[in-house]
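Novice: Sharing a structure with you now.
The values are calculated or read from the model by the stated rules, or taken from the named source; none is laboratory data. Keep in mind the model is a prediction, meaning the values are calculated, not measured. Ideal geometry is used to build each Cβ from the backbone, glycine not excepted, and the neighbour counts take in all protein chains shown. The protein model used for the area step is the full one, side chains on, heavy atoms only, and it has no ligands, DNA or RNA in it. Shrake-Rupley method; radii C 1.70, N 1.55, O 1.52, S 1.80 Å.
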Amino acid sequence: MGRPLAELVLSEEERATLVRWSRRAKSSQALAQRCRIVLGCADGKTNRQVADELGIWPQTVGKWRRRFLELRMEGLVDEPRPGGPRKITDERVEEVVVATLERFPKDATHWSRASMAAESGLSKSTVGRIWKAFGLKPHQVDTFKLSNDPQFIDKVRDVVGLYLDPPERALVLCVDEKSQIQALDRSAPMMPGMPERRTHDYIRHGVTTLFAALDVVTGEIIGSIHRRHRTIEFKKFLTKLDKEIPAGLEVHLICDNYSTHKSPAVRKWLEAHPRFHMHFTPTYSSWLNQVERWFGLLTDKQIRRGTHKSLHALEKDIRNWIKTWNENPRPFAWTKSADEILERLATYLDRIPGAGH
């Protein structure tokens with residue numbers, strides 16, 4: 001017969017909360033199961049019946065039935081587990097943090113877990129936990145370059161405005177050149193069960209330069225390959241753009257501050273072709289030019305691990321890659337407004353002592 005079960009009655013608020021917790025995606029599996037146990041018991045079922053429905057032991061059902069009757073909703077939460085007393089005081093933690101931020105070891109430019117452990121008398125694992133808690137990473141270093149362009153804000157607004165709201169009956173092109181592309185001949189065999197291998201030496205067959213214009217709306221590329229990247233070659237590329245772009249469209253070119261883009265010969269060419277308008281990114285701000293992202297894809301997928309026995313072979317592969325890209329072009333979506341970029345930059349500069357604005 002067994003011992004009689006204590007009646008478990010739920011209020012409307014308790015039942016609604018238990019149902020919500022049992023179905024909520026963010027609830028832990030343990031808490032959801034305990035809620036289902038209590039709900040089953042509240043429906044008048046025995047421990048055995050609830051256990052069979054949930055696929056658990058009857059003893060587990062009995063445990064959480066008793067806990068709920070004693071503590072109600074608070075009884076479903078795990079009790080704090082006992083542990084040893086804390087051995088590292090706040091003062092010791094503060095010493096590690098201050099030393100990490102304000103001092104350097106005598107024999108190095110930055111702290112390691114081992115050197116800080118020797119300095120503080122704590123274990124390496126303890127130092128690691130303190131650093132992790134405070135977000136300290138002395139073993140890592142990031143580089144950055146601030147633009148010194150006096151027209152930085154105006155140029156950011158100009159370029160981002162073209163990305164987010166291109167003018168009607170106009171083409172917006174991101175233009176740049178990828179110079180010093182090397183034709184390298186190196187062995188790179190691949191065999192089953194082994195990663196691709198290559199020798200550290202190679203035969204260099206020369207370098208070439210790719211001039212590219214990325215249509216920010218369609219993602220299509222207009223490319224031109226030259227052995228050098230002087231004003232003469234850039235003018236030839238502009239002439240190619242003029243021939244391939246329909247005459248009825250205005251053309252807005254987004255370029256960096258390379259001297260070739262601003263030479264007297266280029267300015268004279270632009271005066272003779274008034275439908276072309278130049279927009280320059282701020283100094284040290286190539287991240288604003290979307291064609292740089294496309295150059296990154298070209299490097300990763302074609303150039304970095306490519307093997308070419310001649311300069312002609314390299315140039316042929318680049319042309320084929322551009323052709324393949326244009327068969328299914330993918331434009332890059334620009335999502336940040338100029339105000340968001342400038343606000344994020346100001347927040348970042350506030351964290352850097354002496355960076356200025």
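Novice: Within segment 259-269, can one find any residue that is β-branched (Val, Ile, Thr), under 22 Å from the mean Cα position of the chain (by Cα) and at pLDDT 90 or above?
Specialist: No, because not a single residue in segment 259-269 is β-branched (Val, Ile, Thr), under 22 Å from the mean Cα position of the chain (by Cα) and at pLDDT 90 or above.
Novice: Filter segment 88-121 down to the residues that are of a type in the set (Val, Ile, Thr) and assigned to a loop (DSSP other than H, G, I, E, B) and list them by number.
Specialist: ILE88, THR89, THR109 - these are the residues of segment 88-121 that are of a type in the set (Val, Ile, Thr) and assigned to a loop (DSSP other than H, G, I, E, B).
Novice: Name the residues in segment 212-232 that are surrounded by fewer than 18 Cβ atoms within 10 Å (Cβ to Cβ) and either within 33 Å of the chain's Cα centre (by Cα) or in a helix (DSSP H, G or I) (or both), would you?
Specialist: Within segment 212-232, VAL217, THR218, GLY219, GLU220, THR231, ILE232 qualify.
Novice: Still on this structure, please answer the following. Here's a check for you: in segment 101-121, which residue that is open to solvent by 60 Å² or more (accessible area, probe 1.4 Å) and within 32 Å of the chain's Cα centre (by Cα) is nearest to ARG86 (Cα to Cα)?
Specialist: Checking each candidate, the answer is ARG113.
Novice: Could you count how many residues in segment 122-165 are surrounded by fewer than 17 Cβ atoms within 10 Å (Cβ to Cβ), of a type in the set (Val, Ile, Thr) and assigned to a helix (DSSP H, G or I)?
Specialist: Looking only at that region, the number is 1.
Novice: Could you tell me which residue of segment 166-182 is farthest from the chain's Cα centre (by Cα), considering only residues that are part of a loop (DSSP other than H, G, I, E, B) and charged (D, E, K, R)?
Specialist: The first filter runs over segment 166-182 and keeps only residues part of a loop (DSSP other than H, G, I, E, B), leaving 166-169.
Applying the additional criterion that residues be charged (D, E, K, R) yields 168-169.
Values: GLU168: 32, ARG169: 34 Å.
That would be ARG169.
Novice: For segment 309-344, what are the residues that are more than 20 Å from the chain's Cα centre (by Cα), outside any helix (DSSP H, G or I) and of a type in the set (D, E, K, R)?
Specialist: LYS309
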